[in-house]
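This report concerns only the one structure given below.
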Amino acid sequence: MPTLHSPLGPTWKLVPFSSAAGAFRYLPATTRLALVHEVLGPFGAWWLHDRVIGQFPVHTGRQVIGSRSVGDNVVLTLGGPAGQQSDLKVDHVLAATGYRVDLAGLDFMDDAMRRRVRCVAGSPRLSGAFESSVPGVYFTGLASAATFGPLMRFVCGSGFAARRVSHAVAERIRSVSRA
């Protein structure tokens, strides 16, 4: 069977998520939330493999359990799978801690408006056009993944979102101009 290179990765299992984001919203909420959590968890994109493997050391199966400054460097204490510890001296540390959708963190949005946005498990409940329960307020990107699926967590989902949102906004403008 030929390998498929969809925007989300080289497997047929990802085709529904990359080509049917509009249908994803019709799944039961519990199913949508489970799929968003489980499909394409944290890992590098398939096209990064050749840019990483063999290019620099990769330490997997370890957890950072401590750190300390040593001159201009940082020494990380790593815990391994069998409880063993080791030190790794590095020049720089980048902490990628992940992100959870939390509307309360949107300081630019008025509290009263934020309370009007209906949510499912912390993410805004969206229409087929990415519109929230507040007319004219749209959410895309990770905030829309609970409605439209894992595709929305990636740049490759932006085209789908842009077409839906721009069409809805154009319709809103047409209806206002007719009134």
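The values are calculated or read from the model by the stated rules, or taken from the named source; none is laboratory data. Because the structure is a prediction, the values reported are computed rather than measured. Cβ atoms come from the backbone with ideal geometry, glycine included; neighbour counts cover every protein chain shown. Calculation scope for accessible area: heavy atoms of the full protein, side chains included, ligands and nucleic acids excluded. Shrake-Rupley method; radii C 1.70, N 1.55, O 1.52, S 1.80 Å.
Taking the range 114-154, which residues are within 16 Å of the chain's Cα centre (by Cα) and of a type in the set (Phe, Trp, Tyr)? Result: Phe130, Phe139, Phe148, Phe154. Considering each residue of the range 90-97 in turn, at least one proves to be in contact with a strand residue (DSSP E or B) (Cβ under 8 Å, 6 or more places away or on another chain), not in a loop (DSSP other than H, G, I, E, B) and not small (Gly, Ala, Ser). When the range 89-110 is filtered for residues that are open to solvent by less than 100 Å² (accessible area, probe 1.4 Å) and within 19 Å of the chain's Cα centre (by Cα), the ones remaining, listed by number, are Ala95, Ala96, Gly98, Val101, Asp102, Leu103, Ala104, Gly105, Leu106. Scanning the range 75-88 turns up no residue that is out of contact with any helix residue (DSSP H, G or I) (no Cβ under 6 Å at 6 or more places or on another chain), closer than 18 Å to Ser132 by Cα and open to solvent by less than 80 Å² (accessible area, probe 1.4 Å).
Results for (1) at positive phi; (2) at pLDDT below 85; (3) open to solvent by 80 Å² or more (accessible area, probe 1.4 Å); (4) not β-branched (Val, Ile, Thr), shown as yes or no for each residue.
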{"site": "Phe17", "(1), (2), (3), (4)": "no, yes, no, yes"}
{"site": "Ala23", "(1), (2), (3), (4)": "no, no, no, yes"}
{"site": "Thr31", "(1), (2), (3), (4)": "no, no, no, no"}
{"site": "Gly54", "(1), (2), (3), (4)": "yes, no, no, yes"}
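Restricting attention to the range 111-167 and to residues that are of a type in the set (D, E, K, R) and in a helix (DSSP H, G or I), the residue that is surrounded by the most Cβ atoms within 10 Å (Cβ to Cβ) turns out to be Arg164. Scanning the range 51-68 for residues being over 20 Å from Gly83 (Cα atoms) and assigned to a loop (DSSP other than H, G, I, E, B) gives a total of 5.
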